[in-house]
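**Q** This is the structure I have questions about; it appears just below.
The values are calculated or read from the model by the stated rules, or taken from the named source; none is laboratory data. Everything numeric in this text was worked out from a predicted model, so none of it was measured. All Cβ positions, even for glycine, are placed from backbone atoms using ideal geometry, and neighbour counts span all protein chains on display. Protein only, heavy atoms only, side chains kept; ligands, DNA and RNA dropped before computing areas. Shrake-Rupley method; radii C 1.70, N 1.55, O 1.52, S 1.80 Å.
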Amino acid sequence: MAVSSYIGRFAPSPTGPLHKGSLLAALASFLDAQANGGQWLLRIDDLDPPREVPGAADRILRQLDEHGLHWDGPVLYQSTRLPAYKEALQQLSRASLLYACYCNRARLRTLGGSYDGKCQIHNLNSSTAIPDKPHAIRIQLPEQSTIDLEDLIQGSLRFDLSKTGDFILWRRDQLPAYQLACSLDDGHQGINHIIRGSDLLDSTPRQIHLLNCLALKPPQYGHIPVLSNAEGQKLSKQNHAPELSSDDTVSNLFDCLGLLGFSVPSELNNSSNQQLLNWAVEHWQPGNVPVLSRVTESDSP
Ligand code: GLU
């Protein structure tokens, strides 16, 4: 039955054009939205100028269009939302949840990815926070922070947030951190379904916690496998993942559908993007997506 209040989204970072791995995430979220009679919004996560590639955002928009993945409504660019991120930071600070973290990279490296709370004494509301000294801003987690998730693809998952510790909401280089911007924008746009790659599974419990702190309702999540190269590394610009070819859009979609667990009838080989997508919307079953963290291109039938 169609759930008309469904709002999903795809949120690429403009660090380069789309490759097959990003098409896989776009396609899965698109199909889930369409199959539920929902809206599919597009957000460009352009908050990290040092990693941005000029022209990549426009290229991504064109590539989605070329593949028949048409989004609803205007594109949201995160770079236009700075005042909202600052306001959310104020809100969390008023609740005494934030502290300034002066730890340098060398110290953080010794902690191996799990922050030990050393700077908790520098709560932003206390006199030990020194605004002029370069710092990141972290959110202090409660002692007990277990997050349970009914993932639409991976099933029941349980996370212990305290394992990785208090996380950064505002970066030392004065940019909003991904966790803050993403959670706030998902709330702002009323996103209630997020289908994305399982490389973001670590972020999901943090975003659920943050949404709860901001009195915003967490969406439902589904995590698809990440597409890896033959060496088992996630396809990415750093690993020289080739840009999607505009000449092979049907075959790109065909390959991605295979990776999402579809057995596409071979007569659809000669179909248009639209025919293929219509067929896929009709046959989309999140339960058929492989419950794996990674797939490689050779896994497509
Ligand atoms: N912009 C982020 C990325 O491309 C992730 C967005 C999301 O939360 O889906 O990895």
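**Q** Test each condition in (1) out of contact with any Asp or Glu (no Cβ under 6 Å at 6 or more places or on another chain); (2) within 14 Å of the ligand (Cβ to nearest atom); (3) closer than 26 Å to residue 290 by Cβ for residue 181 and report the one that comes out false.
**A** (3)
Conditions (1) among the polar types (S, T, N, Q); (2) within 11 Å of the ligand (Cβ to nearest atom); (3) open to solvent by less than 20 Å² (accessible area, probe 1.4 Å); (4) part of a helix (DSSP H, G or I), marked per residue:
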{"site": "5", "(1), (2), (3), (4)": "yes, no, no, no"}
{"site": "8", "(1), (2), (3), (4)": "no, yes, yes, no"}
{"site": "22", "(1), (2), (3), (4)": "yes, yes, no, yes"}
{"site": "26", "(1), (2), (3), (4)": "no, yes, yes, yes"}
{"site": "31", "(1), (2), (3), (4)": "no, no, yes, yes"}
{"site": "37", "(1), (2), (3), (4)": "no, no, no, no"}
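**Q** Sticking with this structure for a sec: Taking interchain pairs and intrachain pairs at least six residues apart, which have beta carbon atoms under 8 angstrom, with the first residue in the stretch 65-86 and free of Cβ contacts under 8 Å to residues at least 60 places away in the same chain and the second open to solvent by 70 Å² or more (accessible area, probe 1.4 Å)?
**A** That search, which allows pairs on different chains as well, returns 72/39; 73/39.
**Q** Test of understanding: among 260, 216, 292, 211, which residue is away from the ligand (no atom under 16 Å from the Cβ), in contact with an Asp or Glu (Cβ under 9 Å, 6 or more places away or on another chain) and at negative phi?
**A** Sole residue among the options that is away from the ligand (no atom under 16 Å from the Cβ), in contact with an Asp or Glu (Cβ under 9 Å, 6 or more places away or on another chain) and at negative phi: 292.
**Q** In this structure, is residue 163 free of Cβ contacts under 8 Å to residues at least 60 places away in the same chain, open to solvent by 30 Å² or more (accessible area, probe 1.4 Å) and within 24 Å of residue 72 (Cα to Cα)?
**A** No: the conditions fail for residue 163.
**Q** Turning to a different aspect of this structure: Given the criterion within 16 Å of the ligand (Cβ to nearest atom) and surrounded by fewer than 20 Cβ atoms within 10 Å (Cβ to Cβ), identify the matching residue among 116, 186, 199, 173.
**A** Matching residue, one of 116, 186, 199, 173: 199.
**Q** Right, another one. Search the stretch 10-20 for residues being under 11 Å from the mean Cα position of the chain (by Cα) and not small (Gly, Ala, Ser), and hand back the single one that is nearest to the ligand (Cβ to nearest atom).
**A** Among residues in the stretch 10-20 that are under 11 Å from the mean Cα position of the chain (by Cα) and not small (Gly, Ala, Ser), the one nearest to the ligand (Cβ to nearest atom) is 12.
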